[in-house]
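See structure below.
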Amino acid sequence: AKRPTVIIGDWNMKAHSKRWKRVVKVYKDVWDSIANQDGLTYPSKNPRKRLDYIFVSKDFTILDVQVNDSIPIASDHLPFVSTLSI
């Protein structure tokens with residue numbers, strides 16, 4: 001990426017899959033970069049998969065990442081938040 005870039009979304013892919021590996025050749029997976037937990041976000045009431053991602057260009061320092069499970073009925077996926085520094 002030539003400019004600082006943040007890509008956020010439901011990618012419907014598993015971490016460390018072929019598709020994931022193609023993305024992380026260019027961008028950092030914020031969860032994989034600093035978290036020591038699994039980052040499960042789906043389904044929201046009993047998370048068993050990590051389908052949601054935040055990818056960032058190398059311009060960013062990832063300070064924090066966490067899954068927000070305070071209102072699991074709001075969606076079928078749990079949101080997660082990352083604090084970034086540029």
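The values are calculated or read from the model by the stated rules, or taken from the named source; none is laboratory data. Computed from a predicted structure; not experimentally measured. Note that we place each Cβ from the backbone using ideal geometry, even for glycine, and neighbour counts take in every protein chain shown. Heads up: the accessible areas ignore ligands, DNA and RNA and are worked out on the full protein's heavy atoms, side chains in. Shrake-Rupley method; radii C 1.70, N 1.55, O 1.52, S 1.80 Å.
Quick notes
- Note on Lys49 and Gln37: their simple-model spin labels are 2.1 nm apart, each label 7 Å out from Cα toward Cβ.
- For Lys28, the lysines whose Cα comes closer than 27 Å to its Cα, not counting residues fewer than 8 places off in the same chain, are Lys2, Lys14, Lys18, Lys49, Lys58.
- Solvent exposure of segment 1-73 as accessible area per residue, Å², 1.4 Å probe: 68
- Cα convex hull of the chain - mean projected area over all directions, nm²: 5.5
- Full-extension gain in nm, Val6 to Val23, via 0.36 nm per residue minus C-alpha separation: 4.9 nm
- Given R0 = 30 Å, the distance between the Cβ atoms of Asp59 and Lys14 translates into a calculated FRET efficiency of 0.70.
- In the chain, the DSSP-assigned H stretches of four residues or longer account for a calculated mean residue ellipticity at 222 nm of -2500 deg cm²/dmol, using -39500 (n - 2.57) per stretch and the full residue count as denominator.
- Portion, in percent, of the accessible area of segment 19-58 that falls on carbon or sulfur, probe 1.4 Å: 46
- Taking the chain and dividing mean pair separation by its residue count, relative contact order in percent (alpha carbons under 8 Å, at least six apart): 33
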